[in-house]
Amino acid sequence: MRAMVDAAAAAVPTPPGLVLAPFRAVRFTSAAGADANLAALTAPPYDVIDDAGVVSLESADPHNAVRLILPRDRDGEPGSRYERAAATLAEWLGGGVLARDEAPALYVYEEEQDGHRQRGLVGAVALADPDAGIILPHENTMAGPVTDRLSLQQATRANLEPIFLLYEGGGDTSRMVAATVATPPLLATTTDDGVSHRIWAVTDAATLDAIAADLLGRRAVIADGHHRYATYRHYQAERRAAGGGAGPWDFGLTFLVDATVSGPRVHPIHRAVRGLGVAEAARRAEGAFTVRRLEAAGVSPLLDELAKAGQIGHAFVITDGRDAYLLTEPSADALARSLPADRSAAFRRLDVTVAHLTLISDVWGLEDKAGVVDYFHDAPAAIAAAGDSGTALLLNPTPVADVTAVAGAGERMPRKSTLFTPKPRTGLLIRLLDEG
């Protein structure tokens, strides 16, 4: 698949900078019950929904967007699940369940959760090779998810859910976003995860021109949606290789957020290390780290100790739920031995880099692979997974600035480095890949 993109690369232009184009969004209508219960028509991003979640969302409403992004194989129904998603989309468009807005717009999108507000713009971002330095990934992708999403996009000819980009701004775009949210929204809903969503359409030509001018010289980092961005670029290469020329496939549906003004919350992703008890893990760490035993009086105090120590330098807590230790001040010898000299300073200073290369691989001598090191979004789950014979490795969140620095150096972070929330909701805004 990478070869296909490379072969068509000469025919794919590089945009002049960060371009976020207006588009005519497809949205659920009153015929689908959007006025009364829009939340029931939406879904989280496809990659955080398990099988039980698909069933639950389908039962929430017969028109829930999960039927588009995660179509299921059904006995007796012809065609692939991707073809069924395309047929469902066509049926909903033809029946008025979904309808396209009359005028192209950029859409201000605000999410609020537990008092935290995240604001940005949804539009069609001009696609660019990472080497162009305009849209930067910070994680590697795997072939399986890209193949899956590409098959879905080929069948539906639509961007069904946005990727999530962060940039550092504080300019005209952010000021216009802040001014827009003081006006009545186009739509508003609160989903069952407690996140409130509000959207406004920006169609004024002068405002759109000012946003375009402000964004053009900036660059963005992919916070979430690496596989979908790869899918966008594969589809673009396909269409151009087939003689399609310039078209809507040169852009992809995107939620663009100014991380310095109204950005996401950043959460750590903790590890459960199998087959290494916490006492032995602490013993092996002595000499390479400063090791201090903690009073394991609960998860919150441990995380408080971790956060306090992390303000000074690298810090990790290891625990099995009964005993706990704080690991700080990795030795210069351990870092020099374990961290590759040819990687950037931004990569080498990440907590997750030190956790994987110095602590897990070098000090503990473990192979960093699934089944040995597993990942959890909350500390109690990591501790429970470690059990009696394992160790939970608790981390501080990776700052957005560090993510941006690694991406700006053209490098990728260790897998499962950070979690950004809230994520954009699927089904609020859909983009069709046709000429309309």
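The values are calculated or read from the model by the stated rules, or taken from the named source; none is laboratory data. Keep in mind that this is a model prediction, so the values were computed, not measured. We place every Cβ from the backbone using ideal geometry, glycine too, and count neighbours over all the protein chains shown. Surface accessibility is based on the protein's heavy atoms, side chains included, excluding ligands, DNA and RNA. Shrake-Rupley method; radii C 1.70, N 1.55, O 1.52, S 1.80 Å.
Would you calculate the separation in nanometres between label points at Ala103 and Ala370, each defined as 7 Å from the Cα along the Cα-to-beta-carbon direction?
Each label point lies 7 Å from its Cα, and together they span 4.8 nm.
Which whole number in µm²/s is D for region 159-207 by Stokes-Einstein, with the Kirkwood Rh taken over Cα pairs at 10 °C and 1.306 mPa s?
Numbers: Rh = 13.2 Å.
The Stokes-Einstein estimate is 121 µm²/s.
Could you work out, for region 56-120, what percent of all Cα-Cα pairs fall into each 10 Å distance bin, beginning at 0 Å and stopping at the bin that holds the largest distance?
17, 32, 33, 15, 3
So what does Ser300 come to for accessible area, using a 1.4 Å probe and Å² rounded to 10?
80 Å²
Calculate, axis by axis, the spread of Cα positions in region 21-153 along the three principal axes, and write the results as whole Å, longest axis first.
Ordered largest first, region 21-153 gives principal extents of 48, 36, 34 Å.
With angles folded into 0 to 90 degrees, how steeply does helix 226-241 sit against the dominant principal axis of the chain? Use alpha carbons for both and round to 10.
On a 0 to 90 degree scale, this one is about 40.
I need the peptides 156-165, 78-87 ranked by packing, meaning the mean over residues of other C-beta atoms within 10 angstrom, with the highest value on top.
On the way: 156-165: 24.5, 78-87: 16.2.
So the order, starting with the most tightly packed, is 156-165, 78-87.
Rg over Rh of the chain, using C-alpha atoms and the Kirkwood radius, what does it come to? Write out the running numbers ahead of the final one.
Numbers: Rg = 23.0 Å, Rh = 23.2 Å.
Ratio value, two decimals: 0.99.
Based on the alpha-carbon set only, what is the convex hull volume of region 262-401 divided per residue, in Å³?
Numbers: hull volume 15.6 nm³, N = 140.
For region 262-401, the hull spanned by Cα atoms encloses 111 Å³ per residue.
How big is the Rg/Rh ratio for region 161-284, C-alpha atoms only, Rh by Kirkwood, two decimals?
Details: Rg = 20.4 Å, Rh = 18.3 Å.
Ratio value, two decimals: 1.12.
With a 1.4 Å probe and all protein chains kept in place, how much accessible area does Arg72 have, in Å² rounded to the nearest 10?
The value for Arg72 is about 90 Å².
Need the list of lysines near Lys369 for cross-linking: C-alpha distance under 16 angstrom, and skip anything on the same chain fewer than eight residues off.
Lys416
Provide the per-residue ³J(HN,Hα) series for region 55-66, in order, calculated from phi with Karplus coefficients 6.51, -1.76, 1.60 and θ = phi - 60°, each as a whole number of Hz, with x at glycine and proline positions.
Using θ = phi - 60°, the values come out as 4, 5, 5, 4, 6, 5, 6, x, 10, 4, 4, 4 Hz.
Given R₀ = 45 Å, what would the calculated FRET efficiency be for Ser196 paired with Ala246, taking r from the Cβ atoms and rounding to 0.05?
Working: r = 38 Å, r/R0 = 0.85.
E between Ser196 and Ala246, to the nearest 0.05, is 0.75.
Describe numerically, in nm with one decimal, the distance between label points set 7 Å from Cα along Cα→Cβ at Asp378 and at Arg72.
Distance between the two pseudo-spin positions: 2.5 nm.
Once the Cβ-Cβ distance between Ala52 and Ala143 is put in as r, and R0 is 22 Å, what FRET efficiency do you end up with, to the nearest 0.05?
Details: r = 26 Å, r/R0 = 1.19.
E between Ala52 and Ala143, to the nearest 0.05, is 0.25.
Distance between Cα centroids, region 89-127 to region 169-239: provide it in whole Å.
Region 89-127 and region 169-239 have Cα centres separated by 9 Å.
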